[in-house]
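Engineer: Encoded as structure tokens, here's the structure I'll be asking about.
The values are calculated or read from the model by the stated rules, or taken from the named source; none is laboratory data. Bear in mind that the values here come from a model prediction, so they are computed numbers and not experimental data. Ideal geometry is used to build each Cβ from the backbone, glycine not excepted, and the neighbour counts take in all protein chains shown.
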Amino acid sequence: MERDIDTGSAHSARIYDYIIGGKDHYPADREAGDAMCREWPALPVHMRANRDFMNRAVRHLAEEAGIRQFLDVGTGIPTSPNIHEIAQSVSPDARVVYVDNDPLVLALSQDLLNGTPAGRTAYVEADMRDPASILDAAELRATLDLTRPVALTVIAIVHFMMDEDDAVGIVRRLLDPLPSGSFLAMSIGTAEFAPDEVGRVAREYAARGMPMRLRTFAEAEEFFTGLELVEPGIVQVHKWRPDGTGTGTGTGTGTEVIRDEDIAMYGVVARKP
Ligand SMILES: C[S@@+](CC[C@H](N)C(=O)[O-])C[C@H]1O[C@@H](n2cnc3c(N)ncnc32)[C@H](O)[C@@H]1O
């Protein structure tokens, strides 16, 4: 597997892992992450707040909505707690299918497969831009029962989808086979709260071959046409049901005071009627 990993160039999953305090990154990723943090010192706060949003959204879905099946697209490098750890702490029989296209995530995927005996987890290596390759994957079909509700989680990935990729259409195709009572949880990159700083970070990504498509509030809304937004609707990730805990990814955000201009991500949970 190592041979497929291009350690000479920075990669989005590894830059994120570096900035949130993980251990699976290479010098090129650290150089990129440091350059981005110089452009926008709030970047670590923003990224940890995104991860904390994901954790609160999954806990909400498991505890309040009774969801027992998750399909996570754009999983990233394993960072505890991962979705199965949160969902299975609520219900040990929870099932999670993880999807990513980064070879390093595949190489480390064993950490995503260590769930409870009563539950089940699986990993699918696939490109989100080909939703059929996800939905038709044998691992998904063997793990999830698509006649029962599933939460589709698409966290911090659609900013890597260009207009020609049609991210709204991709998410719609992933939701299509899921039954009524399923959920969509997303975080969606935006430059609306710190346009200059976030614009400069986006240029750093683009300079390393990772162009970024940041979205306005109105563009974020397009993902949720026909769905029922869970309160408080489309808000910056730190404003989505904050509970004061933070999960301690990286240096922890438990007591951190987060300013709106430090956050470049909308967070949303919505139900399929
Ligand atoms: C910023 S990380 C987010 C990780 C995790 N969802 C979180 O929010 O903590 C984005 C992830 O999306 C993955 N990714 C980017 N483009 C992708 C694509 N076209 N198909 C599948 N995964 C992709 C990257 O490899 C990376 O692991």
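Engineer: Run M212 past the list (1) touching a helix residue (DSSP H, G or I) at 6+ places or on another chain (Cβ under 9 Å); (2) at pLDDT below 95 and report the number of the one that doesn't hold.
Structural biologist: That leaves (2) as the condition not met.
Engineer: When you check V171 against the structure, is it assigned to a helix (DSSP H, G or I), surrounded by 20 or more Cβ atoms within 10 Å (Cβ to Cβ) and under 18 Å from the mean Cα position of the chain (by Cα), yes or no? Quick ask: steps written out before the conclusion?
Structural biologist: On the way: assigned to a helix (DSSP H, G or I): yes; surrounded by 20 or more Cβ atoms within 10 Å (Cβ to Cβ): yes; under 18 Å from the mean Cα position of the chain (by Cα): yes.
Considered against the rule, which asks whether it is assigned to a helix (DSSP H, G or I), surrounded by 20 or more Cβ atoms within 10 Å (Cβ to Cβ) and under 18 Å from the mean Cα position of the chain (by Cα), V171 comes out as yes.
Engineer: Within the range 152-162, identify whether any single residue is at pLDDT 95 or above and away from the ligand (no atom under 14 Å from the Cβ), and answer yes or no. Steps first, please.
Structural biologist: Of the residues in the range 152-162, the ones at pLDDT 95 or above are 152-162.
Narrowing further to those that are away from the ligand (no atom under 14 Å from the Cβ): none.
So far as the range 152-162 goes, no, none of its residues is at pLDDT 95 or above and away from the ligand (no atom under 14 Å from the Cβ).
Engineer: Being within 13 Å of the ligand (Cβ to nearest atom), acidic (D, E) and over 11 Å from Y16 (Cβ atoms) is the filter here; which residues of the range 28-54 pass it?
Structural biologist: Residue satisfying the conditions is D52 alone.
Engineer: Okay, moving on. If K23 passes every condition in (1) crowded, with 17+ Cβ neighbours inside 10 Å; (2) away from the ligand (no atom under 12 Å from the Cβ) but one, which one does it miss?
Structural biologist: (1)
Engineer: While we're on this one: Please go through (1) at pLDDT 95 or above; (2) part of a helix (DSSP H, G or I); (3) over 13 Å from the mean Cα position of the chain (by Cα) for P41 and return the number of the only condition it doesn't satisfy.
Structural biologist: P41 satisfies every listed condition except (2).
Engineer: Condition (residue is surrounded by fewer than 19 Cβ atoms within 10 Å (Cβ to Cβ), within 15 Å of the ligand (Cβ to nearest atom) and closer than 25 Å to M47 by Cα) applied to the range 110-125: is it met by at least one residue?
Structural biologist: Yes.
Engineer: So, A62, is that one hydrophobic (A, V, I, L, M, F, W, C), surrounded by 18 or more Cβ atoms within 10 Å (Cβ to Cβ), under 27 Å from V168 (Cβ atoms) and away from the ligand (no atom under 12 Å from the Cβ) or not? Before the answer, list the steps.
Structural biologist: Working: hydrophobic (A, V, I, L, M, F, W, C): yes; surrounded by 18 or more Cβ atoms within 10 Å (Cβ to Cβ): yes; under 27 Å from V168 (Cβ atoms): yes; away from the ligand (no atom under 12 Å from the Cβ): yes.
In short, yes.
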